[in-house]
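Have a look at the structure below before the remarks.
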Amino acid sequence: MTTYYKALNKDGTCRGFKFEEGKTYELKELPILCKRGFHFCKELVLTLQYYPVKKDITENLYAEVEVLGDVEFEQPHQHKGCTNRLRIIRFLTDDEVKALVSGRYNSGHSNSGHSNSGNRNSGHSNSGDRNSGDYNSGRHNSGDYNSGNRNSGRHNSGDYNSGDWNSTNGSSGYLNTQRDEIIQVFNKPCLRSVWEASDIPNFFYFNLGDDYKQSWLDSYAKASNRDKAKVKALPNYDAEVFFELTGIDLR
């Protein structure tokens, strides 16, 4: 049995629905991520992206849950999932919660900043993981106050933004609700629709270690020859740029 985690309000409710310890909950419909079903996370600390805390991780109630039905996972990392049948195994005590996520001074692990509830942050007060900025509830942000992921700007609720205050994904500007339709791929203009229709190699989705290029090389080494061949079919492919970015020499 794989154990997952669900964050709740202290009274055991989530969006007005009350959960009880030991009970199983079921929907007849198939689950749809972020729309319908019972949501859960792979790790307890990941629930903080959806149930952020102000001062202490124990401001929420957390449950160990068992997934019993159909499942739809967030891609590519499968950090979050949604099911139509979920059992609340038990509620965790505050001490158990702290033991699960607690490092020294931080509630996460391997942080060089302060007051982080996530892991491997070099900034401060992050509830997500691997942020070099401050006050992020998402992951892999180098900017500050982002609730999305992989933003280099600030105050973004979407993902992959290099500008500020964007609620969309992939914007390099400011205060946008619509994404950029012309993007840069291999340092050249490309229609976003062309990029999104391309076959992205699976090894592009890797766990980021302390060394960026080494993470690319490690992922590439495990890839199949078929997956590796997809690189040269990407829009605007440039071997020199790819080598400079990743350390992978396909010249």
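Looking at (1) modelled with pLDDT under 85; (2) not in a loop (DSSP other than H, G, I, E, B), which is the only condition Val65 fails?
(1)
List the pairs whose first member sits in region 74-94 and is without any contact (Cβ under 8 Å) to a residue 60 or more places away in the chain, whose second member is surrounded by fewer than 20 Cβ atoms within 10 Å (Cβ to Cβ) and hydroxyl-bearing (Ser, Thr, Tyr), and whose Cβ atoms are under 6 Å apart, counting only residues at least 6 apart or on separate chains?
Asp94/Thr58
Inside region 211-239, can you point out the residues that are in contact (Cβ under 8 Å) with a residue 24 or more places away in the chain and under 22 Å from the mean Cα position of the chain (by Cα)?
Across region 211-239, the qualifying residues are Lys213, Gln214, Trp216, Leu217, Tyr220.
Against the definition (of a type outside the set (S, T, N, Q) and part of a loop (DSSP other than H, G, I, E, B)), how does Asp249 come out, yes or no? Steps first, please.
On the way: of a type outside the set (S, T, N, Q): yes; part of a loop (DSSP other than H, G, I, E, B): yes.
The answer is yes for Asp249.
Looking only at region 1-16, count every residue that is surrounded by fewer than 15 Cβ atoms within 10 Å (Cβ to Cβ) and closer than 19 Å to Leu68 by Cα and tell me the total.
Matching residues across region 1-16 total 3.
Mind listing whichever residues of region 87-110 are hydrophobic (A, V, I, L, M, F, W, C), modelled with pLDDT of 85 or more and over 22 Å from the mean Cα position of the chain (by Cα)? If you could, list the steps in order and put the result at the bottom.
Within region 87-110, the first condition is being hydrophobic (A, V, I, L, M, F, W, C), and the residues that meet it are 88-89, 91-92, 97, 99-101.
With modelled with pLDDT of 85 or more added as a condition, the list becomes 88-89, 91-92, 97.
Those that are hydrophobic (A, V, I, L, M, F, W, C), modelled with pLDDT of 85 or more and over 22 Å from the mean Cα position of the chain (by Cα): Ile88, Ile89, Phe91, Leu92.
Six or more apart or on different chains, Cβ atoms under 6 Å: show the pairs whose first residue is in region 240-251 and free of Cβ contacts under 8 Å to residues at least 24 places away in the same chain and whose second is of a type in the set (D, E, K, R) and loosely packed, with under 14 Cβ neighbours inside 10 Å.
Phe243/Asp249
Residue under question is Cys82, and the condition is that it be within 17 Å of Asp129 (Cα to Cα) and among the hydrophobic types (A, V, I, L, M, F, W, C); does it hold?
no
Mind listing just one residue for me: the one in region 31-55 that is free of Cβ contacts under 8 Å to residues at least 40 places away in the same chain and within 19 Å of Gly12 (Cα to Cα) and, of those, surrounded by the fewest Cβ atoms within 10 Å (Cβ to Cβ)?
Lys54
What's the number of the only condition in (1) modelled with pLDDT of 70 or more; (2) under 28 Å from Phe203 (Cβ atoms); (3) of a type in the set (S, T, N, Q) that Asn161 fails to meet?
Going through (1) modelled with pLDDT of 70 or more; (2) under 28 Å from Phe203 (Cβ atoms); (3) of a type in the set (S, T, N, Q) one by one, Asn161 breaks only (1).
The values are calculated or read from the model by the stated rules, or taken from the named source; none is laboratory data. Since we're looking at a predicted model, the values are computed, not measured. Every residue, glycine among them, receives a Cβ derived from its backbone with ideal geometry; neighbour counts consider all protein chains shown.
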